[in-house]
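Visitor: The structure is given below, and queries will be raised subsequently.
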Amino acid sequence: MKKSAHSLFLVAVLSAAALAPAAAQQKLKYPKAPAANAIYDAVEQPALPAGGVEAFARYLSDNQQYPTAALQAGAQGTVVVKFVVEKTGSLSDVAVAQPGNALLDAEAVRLIKAAPRWTPARHRGGVVRQSQQVPITFQIPGEAAAAPAVTPASAGAAAGGTTQVVTADRPARPVGGTEAFFEWIQTNQKYPALALQRKVDGKVMMEFVIEKDGSLNDVKVIKRLGSGLDEEAIRLLKAAPKWEPALYKGQPVKQKMVLPVVFSL
């Protein structure tokens, strides 16, 4: 019976190992299994966010809650957060690599701790723990060089057609600046009686669209406080002064914005 070339090769290898002297066999090296609790920097197959890097970037953008005091103080920048992706995909040992603004650091750490599980790293045939670092950027609307805006991709967009996301050459900004906008909010705020009675305060996270003419539209609450504060936040933004609209190639475009309305007793 004829044997295939593949079969002959296997037989030759096995025979050579079997006939080798004992001293030679002792020199044979086999891959070591990964240490049970070792934390790796470089691995054969790195850990990845669930859904990929783009999905994780969307998570950070959608869930970032810019600290109100940091906004009012004009604090912005990038916070690098380090952490360990465990074998289960959970994130542990979350910390800021180089501490800076305490408010931004705390929000960056919160985002990572609340993030969905990752796909764990693999190395030498096993699942291992891996250290990771992620930069999280905080930019104050109106002061960044570029920010996401929305503009119709075609004339049919208004009739339910497609919409294209672009990067604005100049993002939308409040007339007079961010500080002036927050001052207007505080001056015109009417604290709801129910919230006063219940001693409820905090911030209501709001989402809205700055139209091409600078007016604020599609105002909605994305993080509620209740006791009448949500409704007051909506009223304030609907009554707010117009903004300077975002510009793309010299033309005004729509831009979505997320900002907090702060209520303090």
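The values are calculated or read from the model by the stated rules, or taken from the named source; none is laboratory data. Nothing here was measured: the structure is a model prediction, and the numbers come from that model. In this analysis, Cβ positions are derived from the backbone assuming ideal geometry, glycine residues included, and neighbour counts consider all displayed protein chains.
Visitor: Residues to consider are 214, 226, 176; find the one that is assigned to a loop (DSSP other than H, G, I, E, B) and crowded, with 17+ Cβ neighbours inside 10 Å.
Guide: From the options 214, 226, 176, the qualifying one is 214.
Visitor: Let me ask something additional. So which of 44, 54 ends up being loosely packed, with under 15 Cβ neighbours inside 10 Å, in contact (Cβ under 8 Å) with a residue 60 or more places away in the chain and not aliphatic (A, V, I, L, M)?
Guide: Only one candidate passes the filter, namely 44.
Visitor: Scan region 47-66 and tell me whether some residue there is among the β-branched types (Val, Ile, Thr) and at pLDDT 85 or above.
Guide: The answer is no; no qualifying residue exists.
Visitor: Looking for whichever is farther than 25 Å from residue 72 by Cβ and at pLDDT below 90 here; the options are 159, 193, 145. Which one fits?
Guide: Within the list 159, 193, 145, the selection yields 159.
Visitor: Quickly run through region 56-90 and pick out the residues that are out of contact with any Leu (no Cβ under 9 Å at 6 or more places or on another chain) and not β-branched (Val, Ile, Thr).
Guide: Those that are out of contact with any Leu (no Cβ under 9 Å at 6 or more places or on another chain) and not β-branched (Val, Ile, Thr): 57, 58, 61, 62, 72, 74, 82, 86, 87, 89, 90.
Visitor: Inside region 179-211, can you point out the residues that are in a loop (DSSP other than H, G, I, E, B) and out of contact with any helix residue (DSSP H, G or I) (no Cβ under 8 Å at 6 or more places or on another chain)?
Guide: Selection gives 199, 211.
Visitor: Right, something else. I want to confirm something. Restricting to region 244-265 and keeping residues that are in contact with a helix residue (DSSP H, G or I) (Cβ under 8 Å, 6 or more places away or on another chain) and buried (at least 16 other Cβ atoms within 10 Å of the Cβ), which single residue is farthest from residue 195 (Cα to Cα)?
Guide: Across region 244-265, the extreme among qualifying residues is 259.
Visitor: Only one of (1) assigned to a strand (DSSP E or B); (2) at pLDDT 90 or above fails for residue 165. Which number is that?
Guide: All conditions pass for residue 165, except number (2).
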